[in-house]
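Contents: one structure, followed by commentary.
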Amino acid sequence: MTNTPANLGTWVDRHTMRFERRLPVDLDTVWRAVSDARELGHWFMETEWEPRVGGRFEFKHGWGGTIGVWEPKHAIQFDAEAGGSTRFELTTVEEKTLFAIIDRLSPTQTVPQHVLETGSEIACRQSGGPGTHWVGLAAGWHGFVDALQSNLQDATDSPEFQTLVRLYDGVLEDQFS
């Protein structure tokens, strides 16, 4: 594939994708951005949560569950009620912060009904079948890590969601064909 933006998501395994960015800011700054509900709402999603292991979380768009990992300045893992998990990881690398979102789907996960009703045909395509990321989900995770980077650097160079949808449609098709 040519002319693709840098920093594409990668596969950990069939059900898990990893999206990461090297951020030119210190670990404390990134930790605040991912662990403070007000800050999280600026680049990710508005949430109500109990920031501790076992605490409940509910993101604005109906995604809820419990916090499975809360390791200050290192990791937060959201264990979804529907199965699967999303983990934020932070590591210091050469005075910068490596930030990653690792998203693992349940092996039986299919595109949720509310997404099927509101998303485009392409955004709802799940090339690998149940338990694999659909196009709009991969594009969304990519957009979130771009948004965090933009938020911390006062930049606005992230591709538009529909551009990411078209990109990940090809990337996922190639991965699972």
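Out of all the residues in the range 66-78, is one or more under 23 Å from A139 (Cα atoms) and in a loop (DSSP other than H, G, I, E, B)?
No, because not a single residue in the range 66-78 is under 23 Å from A139 (Cα atoms) and in a loop (DSSP other than H, G, I, E, B).
Can you tell me how many residues in the range 17-70 are closer than 22 Å to G131 by Cα, surrounded by 18 or more Cβ atoms within 10 Å (Cβ to Cβ) and modelled with pLDDT under 95?
Selection size over the range 17-70: 1.
How many residues does the range 71-95 contain that are hydrophobic (A, V, I, L, M, F, W, C), more than 17 Å from V34 (Cα to Cα) and surrounded by 12 or more Cβ atoms within 10 Å (Cβ to Cβ)?
2
Considering only residues that are within 18 Å of G83 (Cα to Cα) and touching a Cys at 6+ places or on another chain (Cβ under 9 Å), which ones fall in the range 132-160?
Listed by number, the list holds a single entry, W134.
May I ask you to list pairs of residues, at least six apart or on different chains, whose Cβ atoms are under 8 Å apart, with the first in the range 49-68 being without any contact (Cβ under 8 Å) to a residue 40 or more places away in the chain and the second being basic (K, R)?
These pairs meet every condition: W49/R56; E50/R56; G64/R56; G65/R56; T66/R56; I67/R52; I67/R56.
Condition test on A139, is it assigned to a helix (DSSP H, G or I) and buried (at least 18 other Cβ atoms within 10 Å of the Cβ)?
Judged against the criteria, A139 is a match.
For the range 107-131, which positions are more than 20 Å from G84 (Cα to Cα), loosely packed, with under 15 Cβ neighbours inside 10 Å and not hydroxyl-bearing (S, T, Y)?
Selection gives E117, E121.
Which one is modelled with the lowest pLDDT among residues in the range 79-94 that are under 20 Å from L23 (Cβ atoms) and either in a strand (DSSP E or B) or not acidic (D, E) (or both)?
It comes out as V93.
The values are calculated or read from the model by the stated rules, or taken from the named source; none is laboratory data. Worth saying up front: this structure is predicted, and the values here are computed from it rather than measured. All Cβ positions, glycine included, derive from the backbone under ideal geometry; neighbour counts span all protein chains shown.
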